[in-house]
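The values are calculated or read from the model by the stated rules, or taken from the named source; none is laboratory data. If you're wondering where the values come from, they're calculated on a predicted model, not measured in any experiment. Note: ideal-geometry Cβ built from the backbone for every residue, glycine included; neighbour counts use all protein chains shown. All accessible areas refer to the heavy atoms of the entire protein, side chains included, with ligands and DNA or RNA removed. Shrake-Rupley method; radii C 1.70, N 1.55, O 1.52, S 1.80 Å.
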Amino acid sequence: MAVILWGLSFVATKAALREISPITLIFTRFALGTALLLAIVSARGTSPIPPRDAWPALALMGFFGIFLHQMLQAFGLTLTTAVHTGWLIGLIPIWSALLSAALLKERFGGMKLAGLLGGFLGALLVISRGEFGHDFLQLPATRGDFLILLSTLNWAVYTILGHATIKRLGPARATAGAMLFGWLMFVPFFLFQQGWREWPNLSVTGWGAILFLGLGCSGLGYLFWYGALERIEVSRVAAFLYLEPLVTLLAAVVLLNEPVSTTTVIGGLLVLLSVFLVQRAPSRN
């Protein structure tokens, strides 16, 4: 459910960004998501206010998982397509493997190295669209792709940062706390920009996209993801990310009429194959 919601989120974000700025979109989206998660925590009879000694960890999670991650993706999506974003998101398990190697001292065998190289080659095909001229780095879409690429590394860091806190507080309480801290970080930017002035400009479609992003993707999506991490192995949860680019591809073509080049599809499939190789490779400690 989380992966389907998140796969559709790039399409909804792209649609909403046609009507409002990234800051107003993210602020409004996470106001809704935070309110929903705090209500769920309260309904379970638990205090929505986390213990004080958990605040630093939750603030760090909020910075990486909400503030920085969403800023990178929202501004990236103003420059690139939802299709490209969906394919590049598939790199997250590869970043996770690299971080595991750095933190857990896991050695890489030939199969895992091949997967890592293939994943980055696939990402390069998606970003460059097969055109490796000297000026492709200057294109706005290329800069947007690089912002999305950076957000995938950021999400892998967030997942590792939040692991211990989620085990201690539970997925609902930890996610609600992290989202609250992350949302508060947007408040100064929203006030400075006077983002509330943009709300009257939203159409029915725009409000529908924001409600879907806030309640579905931000509220339930994060809750489903960490609920899964609490119950089954990380590798099995991460395997579901294979579906996310495919959901985005289908939704972007049907709902946004975005064009899809052969090079983009080849690069995206190479990313998914490479992630499969990395996850199936035997661990060597």
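Which residue is most open to solvent (accessible area, probe 1.4 Å), if the candidates are limited to region 138-156 and must be at pLDDT below 75 and in contact with a Ser or Thr (Cβ under 9 Å, 6 or more places away or on another chain)?
Within region 138-156, the match that is most open to solvent (accessible area, probe 1.4 Å) is PRO140.
For the structure I just gave you, tell me whether ARG129 is basic (Lys, Arg) and at pLDDT 80 or above.
Working: basic (Lys, Arg): yes; at pLDDT 80 or above: no.
No: the conditions fail for ARG129.
For every residue, the table says whether it meets (1) in contact with a helix residue (DSSP H, G or I) (Cβ under 6 Å, 6 or more places away or on another chain); (2) in contact (Cβ under 8 Å) with a residue 24 or more places away in the chain; (3) of a type outside the set (Ser, Thr, Tyr); (4) within 19 Å of ARG18 (Cβ to Cβ).
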residue	(1), (2), (3), (4)
GLY170	no, yes, yes, no
ALA174	yes, yes, yes, no
GLY177	yes, yes, yes, no
PHE181	yes, yes, yes, no
LEU191	no, no, yes, no
GLU198	yes, yes, yes, yes
SER203	no, yes, no, yes
LEU211	no, yes, yes, yes
GLY214	yes, yes, yes, yes
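Looking at LEU88, LEU124, LEU117 in this structure, which one is loosely packed, with under 15 Cβ neighbours inside 10 Å, modelled with pLDDT under 85 and in a helix (DSSP H, G or I)? Steps first, answer last, please.
Values: LEU88 fails: loosely packed, with under 15 Cβ neighbours inside 10 Å; LEU124 fails: loosely packed, with under 15 Cβ neighbours inside 10 Å.
Matching residue, one of LEU88, LEU124, LEU117: LEU117.
Checking ILE94 against (1) at pLDDT below 85; (2) open to solvent by 20 Å² or more (accessible area, probe 1.4 Å); (3) within 22 Å of the chain's Cα centre (by Cα), only one condition comes out false. Which one?
Of the numbered conditions (1) at pLDDT below 85; (2) open to solvent by 20 Å² or more (accessible area, probe 1.4 Å); (3) within 22 Å of the chain's Cα centre (by Cα), the odd one out for ILE94 is (2).
Among the residues of region 273-281, are any at pLDDT below 75, touching a Leu at 6+ places or on another chain (Cβ under 9 Å), outside any helix (DSSP H, G or I) and more than 17 Å from THR80 (Cα to Cα)?
Yes, region 273-281 has at least one match.
Only one residue in LEU211, LEU229, LEU241 is within 19 Å of ALA12 (Cβ to Cβ), at pLDDT below 75, surrounded by 14 or more Cβ atoms within 10 Å (Cβ to Cβ) and hydrophobic (A, V, I, L, M, F, W, C), so which one is that?
Values: LEU211 fails: at pLDDT below 75; LEU229 fails: within 19 Å of ALA12 (Cβ to Cβ).
That would be LEU241, the only listed residue that is within 19 Å of ALA12 (Cβ to Cβ), at pLDDT below 75, surrounded by 14 or more Cβ atoms within 10 Å (Cβ to Cβ) and hydrophobic (A, V, I, L, M, F, W, C).
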